[in-house]
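Asker: The following block contains the structure, expressed as structure tokens.
The values are calculated or read from the model by the stated rules, or taken from the named source; none is laboratory data. Every value quoted in this text rests on a predicted model; they were computed, and no experiment measured them. Positions of Cβ are backbone-derived with ideal geometry, glycine not excepted, and every protein chain shown enters the neighbour counts.
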Amino acid sequence: MKKDIVRFIPMGGQAEMGKSMYCFEINDKIFIIDSGFRFPDSDKLGVDVIIPSFTYLEERAEQIVAIIITHAHDDAMAALPYLLQTVKAPVYAPNLTADLIEQMVERFQRHNRVRLNLDLRRVKRNASIDIAGVPIEFFPVTHSIPGSVGVALWTDQGYIVYSGEFIIDFGAPEGFRCDIQKMMEIGKKGVLALLVESSSSKHEGYTSPNHKLTNKIDHIFEDSNERIIISSYAQNVFRTKEIIELTKKYKRQIVFYGRDKYDNTNSLLRLGQKSKEPIIDVPNRLLGKKENIGKPQYDSNYVILLSGSPRRIYHDICDIIDGGDDLLKLRKGDTFIVASPVLPGTEKIANKAHNGLYKTDAHIHLLKNKDLFSMHASEEDIKVIIQIFNPKYYIPIKGEYQHFISNMHIAKDMGIKDDHIVILDNGERITFKNGELESARDTFEIEDIMIDGIGIGDVGEKVIDDRIQLANDGVVIVGLTISRETKDIIAQTDCQTRGFVYLKDSEYVIKHIIEICENVIAKYKENPELEVADVRAMMKDQCMKYIVKETGKKPVFIGVVVEK
């Protein structure tokens, strides 16, 4: 009987925060688990999000049998619409995740004027199903959004288990609870390889109860006599439910002030209106009216939940501080709780918002990362999952390299051998045969695809370099009009600059740039065999040498030559 050949290749999520996408190959069948994006670093000017390239999958499109989405966060599902433009395969997801996928795809189609072939198949969180002849087990895990799952794929060498994003919290509410029993059943049948998230592996102890907001702000609610404004990431639904419970406890009214109508809080509220068992359920008597914000006779008992994405939420706070929000203006007596700890890539705007808040008359309570853990597995959580599954091989995923090393040390402490712990980068493919890991690795180039709202992949490093150059040193544009026949200059040469030098103090620089360009045209007149492109290149080369020497700046230089 032919033995299974099992391969695994991460497409995203390795040595980075976000952009999770992992491919499992069992013989000739490919299973994609998660398809997310990540936010760009601060030097990627103008780029909205980054997704993995799909070239590897395009070349193997006929082998793809399933796309499985484990939870409804951007880093796990937001690249799915882009993937569906390349890959035609059924998408499997638990109910709530499936609802949010439908909303996301519908919005993507409307905004981008495309039609996607979404074959969405809903599964229960503890489902046991067969996909293309491969038994698949889903198991519920506790994460910051309800409906989160891990996935186990059966091979004749044992299960390949993808932990998802999780914590151990046995007191989690319904919809967030994990299923230890289901995990143990999988573990008893034998696990070839266990893939576990790493981003919080440097935290000692358990994540719980450090992820809980209630005990950190309950006294603030109790002491406050005026409005409470609280910022919280829309994708952390666990935290949103805590805020709702505190609103009920202190007999206040809540206003959901997510300014982006597509954020998770707003989406879940809309879904809840159609659901028998809504995830976010607030009695009508506890719902404040948005239009009453700013009217002290109505809103002094309000809890205003300012929700949003990690990038958007701090811009919204700055907008409120600067008076740019039509309704919400901070006033004396307000309590402002920042329950949205700073995430990578948001440090600059977050610091601006924090400083701005302290300049107001509101009472400010700032919760930092060390005060409020994100709902990702810490050291003891990881130890529990290793003990449950007892894998032969262990693969740290989801995080930066330093997190992989700390995760590796945890696995070693749990008795997993050094040579059975596998650290991978995006594009490195490993193979299991007869229950053993082969020593050779295949390497494939998996590029970052940058999206800036206009198109997919049309922003390259050269474009980014130009944007950085523009941001740092500005632009110089020189325009000349010459005779097509004689090559004489027939109009006044124009030089425009933006963000380069203060013109009043540097007129001599502009005059010399014009002189250099006119001298180049004189050489063009003497050598008519030159092409206009050559003339523009000479203008740029000579002007840039002068500009760097005179000013130390390196602006973007654009030479325009019009022949009439």
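Asker: Being under 19 Å from Lys392 (Cα atoms) and of a type outside the set (Gly, Ala, Ser) is the filter here, so list the residues in the range 137-166 that pass it.
Answerer: The answer is Glu137, Val151, Leu153, Trp154, Thr155, Asp156, Gln157, Tyr159, Ile160, Val161, Tyr162.
Asker: Would you confirm, using the coordinates I've provided, whether Ile423 is in contact with a helix residue (DSSP H, G or I) (Cβ under 7 Å, 6 or more places away or on another chain), closer than 30 Å to His111 by Cα and either in a loop (DSSP other than H, G, I, E, B) or not hydrophobic (A, V, I, L, M, F, W, C) (or both)? Break it down into steps so the answer makes sense when it comes.
Answerer: On the way: in contact with a helix residue (DSSP H, G or I) (Cβ under 7 Å, 6 or more places away or on another chain): yes; closer than 30 Å to His111 by Cα: no; either in a loop (DSSP other than H, G, I, E, B) or not hydrophobic (A, V, I, L, M, F, W, C) (or both): yes.
So Ile423 does not fit the description; no.
Asker: Given the condition charged (D, E, K, R), buried (at least 24 other Cβ atoms within 10 Å of the Cβ) and under 19 Å from Gln235 (Cβ atoms), answer yes or no: does some residue in the range 38-55 qualify? Talk me through it step by step, then tell me what you get.
Answerer: The first filter runs over the range 38-55 and keeps only residues charged (D, E, K, R), leaving 38, 41, 43-44, 48.
Filter again for buried (at least 24 other Cβ atoms within 10 Å of the Cβ), leaving none.
No, the range 38-55 contains no residue that is charged (D, E, K, R), buried (at least 24 other Cβ atoms within 10 Å of the Cβ) and under 19 Å from Gln235 (Cβ atoms).
Asker: Go through the residues of the range 175-195 one by one and say whether even a single one is farther than 15 Å from Asp381 by Cβ and β-branched (Val, Ile, Thr).
Answerer: Within the range 175-195, one or more residues are farther than 15 Å from Asp381 by Cβ and β-branched (Val, Ile, Thr).
Asker: Could you name every one of the strands (runs of 3 or more DSSP E) located completely within the range 465-564 that has at least 1 residues being small (Gly, Ala, Ser) and surrounded by 14 or more Cβ atoms within 10 Å (Cβ to Cβ)?
Answerer: The qualifying strands (runs of 3 or more DSSP E) are 475-482, 556-563.
Asker: Under the condition of being among the acidic types (Asp, Glu) and touching a Pro at 6+ places or on another chain (Cβ under 8 Å), which residue from the range 412-436 is nearest to Glu379 (Cα to Cα)?
Answerer: Asp425
Asker: Those residues that are under 19 Å from Leu96 (Cβ atoms) and hydrophobic (A, V, I, L, M, F, W, C), I need them from the range 147-171; list them, please.
Answerer: Listed by number, the residues that qualify are Val149, Val151, Phe166, Ile167.
Asker: Taking the residues in the range 225-239 that are at pLDDT 90 or above and assigned to a helix (DSSP H, G or I) as candidates, determine which candidate is nearest to Leu367 (Cα to Cα).
Answerer: Among residues in the range 225-239 that are at pLDDT 90 or above and assigned to a helix (DSSP H, G or I), the one nearest to Leu367 (Cα to Cα) is Arg239.
Asker: For the range 349-365, name all the residues that are in contact with a Lys or Arg (Cβ under 8 Å, 6 or more places away or on another chain) and either surrounded by 16 or more Cβ atoms within 10 Å (Cβ to Cβ) or assigned to a helix (DSSP H, G or I) (or both).
Answerer: The answer is Ile349, Ala362.
Asker: Check off (1) surrounded by 24 or more Cβ atoms within 10 Å (Cβ to Cβ); (2) touching a Ser or Thr at 6+ places or on another chain (Cβ under 7 Å); (3) at pLDDT below 95; (4) not hydrophobic (A, V, I, L, M, F, W, C) for Asp34 and give me the number that stays unchecked.
Answerer: (3)
Asker: For Thr55, are the conditions met, namely being among the polar types (S, T, N, Q) and modelled with pLDDT under 95? Break it down stepwise before answering.
Answerer: On the way: among the polar types (S, T, N, Q): yes; modelled with pLDDT under 95: yes.
For Thr55, the condition - among the polar types (S, T, N, Q) and modelled with pLDDT under 95 - is met.
Asker: Next question, about the same structure. Filter the range 47-61 down to the residues that are of a type in the set (A, V, I, L, M) and in contact with a Cys (Cβ under 9 Å, 6 or more places away or on another chain) and list them by number.
Answerer: So in the range 47-61, the residues of a type in the set (A, V, I, L, M) come out as 47, 49-51, 57, 61.
Result: Leu57, single match.
Asker: For the condition over 22 Å from His376 (Cβ atoms) and either crowded, with 24+ Cβ neighbours inside 10 Å or not β-branched (Val, Ile, Thr) (or both), what is the one hit in Gly133, Gly171, Gly147?
Answerer: Exactly one residue qualifies, and that residue is Gly133.
Asker: Scan (1) within 24 Å of the chain's Cα centre (by Cα); (2) in contact (Cβ under 8 Å) with a residue 24 or more places away in the chain for the single condition Tyr393 breaks and write down its number.
Answerer: Among (1) within 24 Å of the chain's Cα centre (by Cα); (2) in contact (Cβ under 8 Å) with a residue 24 or more places away in the chain, the lone unmet condition for Tyr393 is (1).
Asker: Still on this structure, please answer the following. Quick one: Phe336 ticks every box in (1) more than 30 Å from Met183 (Cβ to Cβ); (2) surrounded by 21 or more Cβ atoms within 10 Å (Cβ to Cβ); (3) of a type outside the set (Asp, Glu); (4) out of contact with any Ser or Thr (no Cβ under 8 Å at 6 or more places or on another chain) bar one, so which box is it?
Answerer: (4)
Asker: If we keep just the residues of the range 317-335 that are in contact with a helix residue (DSSP H, G or I) (Cβ under 6 Å, 6 or more places away or on another chain) and of a type in the set (A, V, I, L, M, F, W, C), which is nearest to Asn369 (Cα to Cα)?
Answerer: Ile317
For every residue, the table says whether it meets (1) over 18 Å from Gly190 (Cα atoms); (2) assigned by TED's automatic domain parsing to the domain that holds Asp442; (3) among the basic types (Lys, Arg).
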site	(1), (2), (3)
His354	yes, no, no
Phe389	no, yes, no
Ile397	yes, yes, no
Glu400	yes, yes, no
Lys412	yes, yes, yes
Gly415	no, yes, no
Asp418	yes, yes, no
Leu424	yes, yes, no
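Asker: If you don't mind, another one. For the range 1-26: of the residues being farther than 16 Å from Tyr56 by Cβ and part of a strand (DSSP E or B), which is nearest to the chain's Cα centre (by Cα)?
Answerer: Ranking the candidates gives Glu16 first.
Asker: Let me ask something else about it. Counting just the residues of the range 210-224 that are over 14 Å from Ile364 (Cα atoms) and of a type outside the set (Lys, Arg), which one comes out nearest to the chain's Cα centre (by Cα)?
Answerer: The residue in question is His211.
Asker: Among Ala78, Ala61, Ala132, which is within 22 Å of the chain's Cα centre (by Cα) and modelled with pLDDT of 90 or more?
Answerer: Answer to the check: Ala78.
Asker: Output the qualifying pairs, or none if there are none: Cβ atoms under 7 angstrom, residues six or more apart or on different chains, first residue in the range 322-337 and under 14 Å from Ile304 (Cβ atoms) and in the same structural domain as Asn355 (by TED's automatic domain parsing), second residue surrounded by 14 or more Cβ atoms within 10 Å (Cβ to Cβ) and acidic (Asp, Glu).
Answerer: Partner pairs satisfying both residue conditions: Asp325/Asp319; Gly333/Glu226; Asp334/Glu226; Thr335/Glu226.
Asker: Collect the residues in the range 286-308 that are more than 18 Å from Phe221 (Cβ to Cβ) and assigned to a helix (DSSP H, G or I), keeping them in residue-number order.
Answerer: Lys290, Glu291, Asn292, Pro296, Gln297, Tyr298
Asker: Yes or no: the range 177-200 includes at least one residue that is under 30 Å from Arg252 (Cα atoms) and crowded, with 16+ Cβ neighbours inside 10 Å.
Answerer: Let us first name the residues in the range 177-200 that are under 30 Å from Arg252 (Cα atoms), namely 177.
From the residues that got through so far, the ones that are crowded, with 16+ Cβ neighbours inside 10 Å too are 177.
Yes: the range 177-200 contains one or more residues that are under 30 Å from Arg252 (Cα atoms) and crowded, with 16+ Cβ neighbours inside 10 Å.
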